Amino acid sequence: MTDPIITARGVDIFYDTKQAIHNIDLDILPNKVTAFIGPSGCGKSTFLRAINRMNDLIPSCRISGDMKIAGQDIYAPAVDVVALRAQVGMVFQKPNPFPKSIFENVAYGLKIHKITTSKTEMQDRVEWSLRSAGLWDEVADRLDDPGNSLSGGQQQRLCIARAIAIKPKVILMDEPCSALDPIATAVVEELIDNLRKDYTIVIVTHSMQQAARVSQRTAFFHLGSLVEYGETKSIFTNPTDERTQNYITGRIG
Amino acid sequence: MIDLTKKAGFGLAGRHRAEKRFKWVGRSAIAISLMFLALMVGSITLTASGTLRQTQIAVQVDLGAENVDPTDPASASYGRLVKSGLRDMFPDVTSRREKKALYNLVSPEGSFEAAKLVAKDPDLLGSTQTLWLTASDDLDLYLRGKIDITLPQNQRQISDKEVVWINALQANNQLRRVANWNFLTGGDSREPEIAGILSALVGSLYSLAVCFALSFPIGIGAAIYLEEFAPANRLSDLIEVNINNLAAVPSIVFGLLGLSIFLGYMGLPRSSPLVGGMVLALMTLPTIIIAARAALRSVPPSFKEAALALGASPVQAVFHHVFPVAMPGMLTGAIIGMAQALGETAPLLMIGMVAFIVDIPDSILEPATALPVQIFLWADSPERAFTEKTAAAIIVLLIFLISMNLIAILLRRKLETRF
Amino acid sequence: MENEHIVKKFDANLEKIKATIIEMGGLVGLQVNDATAVLLSYDKSEVDRIRTYDRIINGLNKDVHDRAEILIVRRQPVALDLRQTLAPINISGELERIGDHAKSTAKRAHIIHSAPRADAVLDMITQMSANVQSMLEDVMVAYATADIELAEQIRDQDKDVDAIYKNAVQTVVETLSKTPDNAESLIHLTLIARNFERIGDHICNIARYVHQIVTGEDLKASVDPADLRLDK
């Protein structure tokens, strides 16, 4: 078995005095899609956001325990959060392209991280990102159009292209398809499956079918605890915990 | 059976009536406010229309070498020459009092005007010339029928004798009415027929420029810090409450502050647009901060989140994504603040911008007055002709305001189209 | 069922599939019982009735398939629900095959009837019939109540049936050498005995599915088919 890329040990997360995450141990394997499922308010999004320290934005949020990426504690004082987020990209629930052109959207990460200053290199990288996100053929002739002139599904793929432009190791996705129609969802799911070759993907989803379709591993969260974690196949065919069973089969638990 | 045309039941009739009633109340409210607006603008325009033209008198002035030295025409006493010209027209006037009344037909500025005409056109020298000089305000008013001559003589500004002279001048085509450019190009004066608005306009412009240059960057900076970076604690709350309270502080208090700090303590020049602008900036700051914060808050947090998730630093996220989107809104807030500052009188009175300024200020350090103060001064003057000037000044102020708002709208549209 | 679904219809749909299977089980049991009866005392009208049963069972089999199909489309069942939806498709198939064996037995009854009776073999067949009927009843109870212990006992019961079958074949072989003239009826008797042996196997399969529904594990397929490939 390959070594995990993300390891969480005894992670607790608090909002003020309210504990949102209880003592979570979790290993995320590289080049796999890991799905976090669970009822609303179970802490799956909170835990996801702890992986690239987006929770830092909430002043009342405190975290304790070990959260390591490739062996480095991401909450260590020496860690620069900007460097962390360059390695751990994120795609959000609602497509949120910047109010700029399609090109600018993808190039933004390259610019702020000064990955390249040459114009042709920049263009190549933008094209590569858009191709990886399966969007190039649809936007190649209108790169200067505003990002929000695209359809919802295209916008979400633009956001994915924007995230992969800086070549992160991990991409976090917070319910990326909840605002999309089934066709756009299918396109994004296909894309997620293709991206798995080069990236580790962690996806929070409310759709259990989606978790079953796109992920190789699934973690079920309930009331801030990790109830069950394992191969997606076994979670959806034969879960060991009754709470998981009740949740995925839609029973009153 | 379902009958969709059935009106009875569900209290439908009453609900429809209530809806209609509300629509009509709304429409009448708008109609009433429009009526008042029209009334105000109409009456001001009507009053101000008198300033559009002014009356001039043709006076024969002897500019011969014995009266005006051709080598130094400025040293001549034009006042005496104008007076003698007037006497020549009405030789039967002999008493001192009548002479004085006769001289008053021409504005006291007439002699300066004569001097200016000569300076502009030296060819006039050497002979007797017909010069068109500005007539007095009373003559102007009489010509426009604003003076009721059926009243007893002691109750009107113009005597029967003067009426006779004016009629005689008119019969000889020695009176004419011309466009009053002087109002827009001249400074203030004690004489309403000469008083112009330019010095006040320039004073206002300077003050506003100072006010904008100070309050916009400071206000926007404060708003961005408070909204995006300040930690949420007691101190921030306290600052927020105080800014909101500051916006409600009467403007005269800011004037007092300016008087004691800027003039008294810092020793900046009195009556100058610099100090005026600084005081107005103090007054405008809370408005700008509040409007800018509202504009920043209306930017979807998803932009900032997306930038942060890409590894942008908080400052980059705010300045690359939040600030440009909030800019039009912040600008609108700033323009509203500026418009308020433009109309403000009280704080300017406190720092001495109420002075009588004839010259047009060349810099922000020279004494100046502002449009609203000018209006206040003219409205206070006893001469009847100043009523018209007041109205005209109000119109200038309104045009200033409207063009400022127009600029704001154009700017906002231009910024907003960048997706 | 320990907990109810939030969507009540889901429970109702699953219940309906289960009830249909149990109805099929009852009919198949009757069929087996009647087929054994005509073997002992031939009655043409009885045979016709068995054929009618068969048509009903085929109809119910299709019914189970349709219900399972629409349930998958509508509810996308997972885990326990998925097994409760898929297993009935197999169980109803097994039941249908049991019915076919009963029908085949009934069809051979008149040949047995017209030949001299071989009581020894016939007794053994009656015994097998009794055994499989009790097994069928047990397996249906096990299915209805998700009782895996009961389901596991079925395999042991089937061993008895297999032993009797072996015995019956032995007896036929012995009788055949003594009375070769009765060969035709004896061969038919052998096939009939084989029918009951097969019925026992089908019931064992059903017991396996019951076990699978409850535990999620397949008793038989514990080996990955890929490991058994010859070209490996």
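A residue that is out of contact with any strand residue (DSSP E or B) (no Cβ under 9 Å at 6 or more places or on another chain), surrounded by fewer than 23 Cβ atoms within 10 Å (Cβ to Cβ) and among the acidic types (Asp, Glu) occurs somewhere in segment A:192-199. When each of B:ALA248, B:ALA222, B:ALA195 is tested for being more than 22 Å from the chain's Cα centre (by Cα), not in a helix (DSSP H, G or I) and not β-branched (Val, Ile, Thr), the lone residue that passes is B:ALA248.
Scoring A:THR2 on the criteria (1) modelled with pLDDT under 90; (2) crowded, with 19+ Cβ neighbours inside 10 Å leaves a single failure, condition (2). Looking at segment B:292-357, the helices (runs of 4 or more DSSP H) lying wholly inside it that each contain 2 or more residues that are hydrophobic (A, V, I, L, M, F, W, C) and closer than 27 Å to A:ASP80 by Cα sit at B:301-309, B:314-317. Considering segment A:213-253 alone, what residues qualify as being aliphatic (A, V, I, L, M) and over 22 Å from A:ILE51 (Cβ atoms)? If the condition is that a residue be aliphatic (A, V, I, L, M) and over 22 Å from A:ILE51 (Cβ atoms), then A:ILE248, A:ILE252 are the ones that fit.
This table checks each residue for (1) closer than 30 Å to B:VAL318 by Cβ; (2) loosely packed, with under 15 Cβ neighbours inside 10 Å; (3) not assigned by TED's automatic domain parsing to the domain that holds B:LEU365.
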position: B:ALA223; (1), (2), (3): yes, no, no
position: B:GLU227; (1), (2), (3): yes, no, no
position: B:PRO231; (1), (2), (3): yes, yes, no
position: B:LEU235; (1), (2), (3): yes, yes, no
position: B:VAL241; (1), (2), (3): yes, yes, no
position: B:ASN244; (1), (2), (3): yes, yes, no
position: B:GLY255; (1), (2), (3): no, no, no
position: B:SER260; (1), (2), (3): no, yes, no
position: B:TYR265; (1), (2), (3): no, yes, no
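Just to check your reading of the model, which residue among C:ALA109, C:ALA102, C:ALA115 is under 16 Å from the mean Cα position of the chain (by Cα), buried (at least 16 other Cβ atoms within 10 Å of the Cβ) and away from chain A (no Cβ under 14 Å)?
Details: C:ALA109 fails: under 16 Å from the mean Cα position of the chain (by Cα); C:ALA115 fails: under 16 Å from the mean Cα position of the chain (by Cα).
Checking each option against the conditions leaves just C:ALA102.
Can we say A:ILE74 is more than 9 Å from chain B (Cβ to nearest Cβ), in contact with a Gly (Cβ under 9 Å, 6 or more places away or on another chain) and either without any contact (Cβ under 8 Å) to a residue 12 or more places away in the chain or among the hydrophobic types (A, V, I, L, M, F, W, C) (or both)? No; evaluated as a whole, the condition is false for this residue.
Do we have B:VAL202 as β-branched (Val, Ile, Thr) and more than 29 Å from B:VAL358 (Cβ to Cβ) here?
Details: β-branched (Val, Ile, Thr): yes; more than 29 Å from B:VAL358 (Cβ to Cβ): no.
Answer is no for this residue.
Considering only residues in segment A:87-122 that are within 7 Å of chain B (Cβ to nearest Cβ) and buried (at least 22 other Cβ atoms within 10 Å of the Cβ), the one that is nearest to A:SER151 (Cα to Cα) turns out to be A:ASN96.
If the condition is being in a helix (DSSP H, G or I) and either within 33 Å of the chain's Cα centre (by Cα) or of a type in the set (Ser, Thr, Tyr) (or both), then segment B:122-154 contributes B:ASP137, B:ASP138, B:LEU139, B:ASP140, B:LEU141, B:TYR142, B:LEU143. Being at pLDDT below 90 and of a type in the set (D, E, K, R): is that true of A:LYS119 here? Taking the combined requirement at face value, the residue satisfies it.
With respect to the conditions (1) touching a strand residue (DSSP E or B) at 6+ places or on another chain (Cβ under 9 Å); (2) among the charged types (D, E, K, R); (3) crowded, with 21+ Cβ neighbours inside 10 Å, A:ASP73 lacks only one, and its number is (3).
Just to be sure, is C:LEU30 within 20 Å of the chain's Cα centre (by Cα) and either within 14 Å of chain A (Cβ to nearest Cβ) or at pLDDT below 90 (or both)? Lay out the reasoning, then the answer.
Details: within 20 Å of the chain's Cα centre (by Cα): yes; either within 14 Å of chain A (Cβ to nearest Cβ) or at pLDDT below 90 (or both): no.
It is false that C:LEU30 is within 20 Å of the chain's Cα centre (by Cα) and either within 14 Å of chain A (Cβ to nearest Cβ) or at pLDDT below 90 (or both).
Is there a residue being within 14 Å of another protein chain (Cβ to nearest Cβ) and either under 18 Å from C:ILE206 (Cα atoms) or crowded, with 21+ Cβ neighbours inside 10 Å (or both) anywhere in segment C:59-68? Looking through segment C:59-68, none of the residues is within 14 Å of another protein chain (Cβ to nearest Cβ) and either under 18 Å from C:ILE206 (Cα atoms) or crowded, with 21+ Cβ neighbours inside 10 Å (or both). Among residues of segment A:233-253 that are within 7 Å of chain C (Cβ to nearest Cβ), those with a beta-carbon under 7 Å from a residue that is aromatic (Phe, Trp, Tyr) at least six positions away or on a different chain give the pairs A:ILE248/A:PHE236; A:GLY250/C:PHE10; A:GLY253/A:TYR247. Considering the conditions (1) touching a helix residue (DSSP H, G or I) at 6+ places or on another chain (Cβ under 7 Å); (2) under 18 Å from A:VAL187 (Cβ atoms); (3) at the interface with another protein chain (Cβ under 9 Å from one of its Cβ atoms); (4) of a type outside the set (Lys, Arg), A:ALA163 is excluded by exactly one of them, (1). Write out, first by first residue and then by second, each pair whose Cβ atoms fall under 9 Å of each other, whose residues are 6+ apart or on separate chains, and whose first residue, in segment C:38-50, is in a loop (DSSP other than H, G, I, E, B) while the second is polar (S, T, N, Q). Once the first residue is in a loop (DSSP other than H, G, I, E, B) and sits in segment C:38-50, its partners that are polar (S, T, N, Q) give C:TYR42/C:SER114.
Name the residues in segment C:142-187 that are assigned to a helix (DSSP H, G or I), small (Gly, Ala, Ser) and under 24 Å from the mean Cα position of the chain (by Cα), would you? Walk me through how you get there before you give the answer.
Taking segment C:142-187 as the starting set, the residues that turn out to be assigned to a helix (DSSP H, G or I) are C:142-145, C:148-178, C:180-187.
Subset that is small (Gly, Ala, Ser): C:142, C:144, C:151, C:163, C:168, C:177, C:183, C:185.
Scanning segment C:142-187 gives C:ALA142, C:ALA144, C:ALA151, C:ALA163, C:ALA168.
Which one is farthest from the chain's Cα centre (by Cα) among residues in segment A:41-65 that are within 15 Å of A:THR7 (Cα to Cα) and within 12 Å of chain B (Cβ to nearest Cβ)? The residue in question is A:ARG53.
Do you know which residues across segment A:1-55 are assigned to a loop (DSSP other than H, G, I, E, B) and closer than 15 Å to A:GLU228 by Cα? Correct list: A:GLY38, A:PRO39, A:CYS42, A:GLY43.
Within segment B:316-329, the set of residues being within 26 Å of A:VAL170 (Cα to Cα) and more than 11 Å from chain A (Cβ to nearest Cβ) comprises B:VAL318 only. Do we find that B:ALA115 is buried (at least 17 other Cβ atoms within 10 Å of the Cβ) and modelled with pLDDT of 80 or more in this structure? Criteria met by B:ALA115.
Report whether or not A:ASP174 is surrounded by 16 or more Cβ atoms within 10 Å (Cβ to Cβ), touching a Phe, Trp or Tyr at 6+ places or on another chain (Cβ under 7 Å) and either among the hydroxyl-bearing types (Ser, Thr, Tyr) or within 14 Å of chain B (Cβ to nearest Cβ) (or both).
For A:ASP174, the condition - surrounded by 16 or more Cβ atoms within 10 Å (Cβ to Cβ), touching a Phe, Trp or Tyr at 6+ places or on another chain (Cβ under 7 Å) and either among the hydroxyl-bearing types (Ser, Thr, Tyr) or within 14 Å of chain B (Cβ to nearest Cβ) (or both) - is met.
If you go through segment B:367-387 and keep only what is out of contact with any Asp or Glu (no Cβ under 8 Å at 6 or more places or on another chain) and over 23 Å from B:LEU256 (Cβ atoms), you end up with B:TRP378, B:ALA379, B:SER381, B:PRO382, B:PHE386, B:THR387.
For segment A:129-139, what are the residues that are in contact (Cβ under 8 Å) with a residue 12 or more places away in the chain and either more than 23 Å from A:GLU190 (Cβ to Cβ) or away from chain B (no Cβ under 14 Å) (or both)?
Pass one, segment A:129-139, residues in contact (Cβ under 8 Å) with a residue 12 or more places away in the chain: A:129-130, A:132-135, A:138-139.
Scanning segment A:129-139 gives A:LEU130, A:SER132, A:ALA133, A:GLY134, A:LEU135, A:GLU138, A:VAL139.
Selection of first residues in segment B:65-81 that are more than 17 Å from B:LYS120 (Cβ to Cβ) and of second residues that are exposed (fewer than 12 other Cβ atoms within 10 Å of the Cβ), restricted to Cβ pairs under 8 Å at least 6 apart or on distinct chains, gives the following pairs, ordered by first then second residue: B:ASP69/B:SER75.
Return yes when A:ASP73 is of a type outside the set (A, V, I, L, M) and farther than 20 Å from A:PHE221 by Cα and no when it is not. Here the answer is yes, as A:ASP73 does meet what is asked.
The values are calculated or read from the model by the stated rules, or taken from the named source; none is laboratory data. Nothing here was measured: the structure is a model prediction, and the numbers come from that model. Every residue, glycine among them, receives a Cβ derived from its backbone with ideal geometry; neighbour counts consider all protein chains shown.
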